[in-house]
1. Do the conditions hold for residue 242, that is, is it within 23 Å of the chain's Cα centre (by Cα), in a helix (DSSP H, G or I) and crowded, with 19+ Cβ neighbours inside 10 Å?
2. Does residue 332 satisfy being farther than 28 Å from residue 216 by Cβ, in contact (Cβ under 8 Å) with a residue 12 or more places away in the chain, buried (at least 24 other Cβ atoms within 10 Å of the Cβ) and in contact with a Leu (Cβ under 6 Å, 6 or more places away or on another chain)?
3. Test residue 316 against the stated conditions and say whether it is touching a residue at least 24 places away in the same chain (Cβ under 8 Å) and surrounded by fewer than 19 Cβ atoms within 10 Å (Cβ to Cβ).
4. Looking at residue 147, is it surrounded by fewer than 19 Cβ atoms within 10 Å (Cβ to Cβ) and among the basic types (Lys, Arg)?
5. Filter region 258-311 down to residues that are part of a loop (DSSP other than H, G, I, E, B) and hydroxyl-bearing (Ser, Thr, Tyr) and give me whichever is farthest from residue 343 (Cα to Cα).
6. Suppose the filter is surrounded by fewer than 24 Cβ atoms within 10 Å (Cβ to Cβ) and touching a Phe, Trp or Tyr at 6+ places or on another chain (Cβ under 7 Å); does residue 204 pass it?
7. If residue 487 satisfies every condition in (1) touching a Gly at 6+ places or on another chain (Cβ under 7 Å); (2) free of Cβ contacts under 8 Å to residues at least 40 places away in the same chain; (3) not acidic (Asp, Glu) but one, which is the exception?
Amino acid sequence: MSTNPPNSGVTRRALLRGAAVAVTAAAASQSGFMSAADAQIAPTDQLTHRPPPAERRFTSPAVEAAIRHVSQQITDPVLALIFSNCLPNTLDTTVYPGTRNGKPDTFVITGDIDAMWLRDSSAQVWPYLPFCKEDPKLSSLIEGVIRRQTRYVLIDPYANAFLRNSTSKPLPWAVHDDTTMKPGVGERKWEIDSLCYTIRLAHGYWRATGNTAPFDADWLEAAHAIVRTFREQQRKHGHGPYHFQRASEQPTDTLPLDGYGNPARPVGLIYSGFRPSDDACIFPLFVPANLFAVTSLRQLAIMAGNVAQDTTLANECNSLADEVAAALAQYGQIETKNHGRIWAYEVDGYGDTLRMDDANAPGLVSLDYLGCVSPEGRALYERSRAFALSGDNPYFFRGSAAEGIGGPHIGLGYIWPMSITFRAMTSKNDQEILQCLRWLRDTTAGTHFMHESFWKDDPAKYTRPWFAWANTLFGELILNLADQKPYLLRSTFA
């Protein structure tokens, strides 16, 4: 996790652990994780129940109706309780709807961090898109998210997290970062996926509602800024304008070589400083994010042509997508002994590759969930997924509580529930899906909410009791099963 210089007095790691202590009212160990004994004695009223109706940030009648309807289809009472807690968690606790210049404006926190990540905010409201047509207020709330994201991209397309207003100080662990900080920026870690997620939400909202109101001149300007940033980070003509360094005990929190990252050959792929975990890339040509960029650019091309009537931008998006796709085919794949030809995780264009997967999205497993798998690329994806869910992935962990993918962000042995959810969402095997549901049900440590991560042998050792993305993602999984495989929800999990 992120840290500040030694004298700054606060770190992201300390802040999140402090939140866990406050919520559980339990004594924390020196490592900051809650022990099994603590979980048994901790008062869990704040964790096992939604806020009272009067204290909820936003209530959608359509979402509430879906919770009641789907919960009745779930035979297992614990699974039903977790679903009813998790699906509305973003609306209950993290959204701050308002207006700006007479138009919807919505700020979305991640949960226990009072800042808005482009990635997290997009993912947090994504499961609510199907309900927008029957709930105009919900549609307006998500329009407000898109409008605020547009404003943020125009402030700085290289930033990953933003603040409520331009007068706020950066996040505590980012105050002394050596980069070009601008007013309103909370943290400035360049991650390709931040811009991809804003496109994904805009495209998904447009398809779900038909509403073109948020796609105005400002949005079009932000769209051009996104494509320009992707082009700059192909680094065909030097490093480009972005650099980042942080005085930190965590090497994954900063970039080497004057903040530009490790060297890579400019082969047409987009360079990324950081992964969606906010950890620094080892090789800056991050393959899953480039695959996500191809998908996002094609979505943006459709919107540019059909909504903004900007054929020049549409053509530029498709041209860049074609170039990145061709570079991925040439440089982004590797041969493995046990799985055949798969997608690499990171490459440098010189022949060096990183073989792993991380729990966050985009990653190898989540590519299908994000719409990054074409029919002709299906076999390649399935082999990559099999690799990621095997012992050949150094961040795949098996324990007595569950098995799943983690990553360097928390450390070895910690499984992210998000990875189990993505595994279920990308599986065609009923038994695999049921096993994922069982693991997810049994690893909340009695809180009936998803967490950031848990120890593979003891779910009571977990991080982040309030992580809205993981919660609403689990809700999305159950909604999908209720629509596509309702018979699985009638399982008893004996």
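1. It is false that residue 242 is within 23 Å of the chain's Cα centre (by Cα), in a helix (DSSP H, G or I) and crowded, with 19+ Cβ neighbours inside 10 Å.
2. no
3. no
4. Considered against the rule, which asks whether it is surrounded by fewer than 19 Cβ atoms within 10 Å (Cβ to Cβ) and among the basic types (Lys, Arg), residue 147 comes out as no.
5. 260
6. In short, yes.
7. Only one criterion in (1) touching a Gly at 6+ places or on another chain (Cβ under 7 Å); (2) free of Cβ contacts under 8 Å to residues at least 40 places away in the same chain; (3) not acidic (Asp, Glu) is unmet by residue 487, namely (1).
Here's the yes/no breakdown for (1) farther than 29 Å from residue 489 by Cα; (2) polar (S, T, N, Q):
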{"position": "72", "(1), (2)": "no, yes"}
{"position": "82", "(1), (2)": "no, no"}
{"position": "85", "(1), (2)": "no, yes"}
{"position": "94", "(1), (2)": "no, yes"}
{"position": "122", "(1), (2)": "no, yes"}
{"position": "143", "(1), (2)": "yes, no"}
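The values are calculated or read from the model by the stated rules, or taken from the named source; none is laboratory data. Keep in mind it's a predicted model, so treat the numbers as computed, not measured. Using ideal geometry, Cβ is built from the backbone for each residue, glycine included, and neighbour counts are taken over all protein chains shown.
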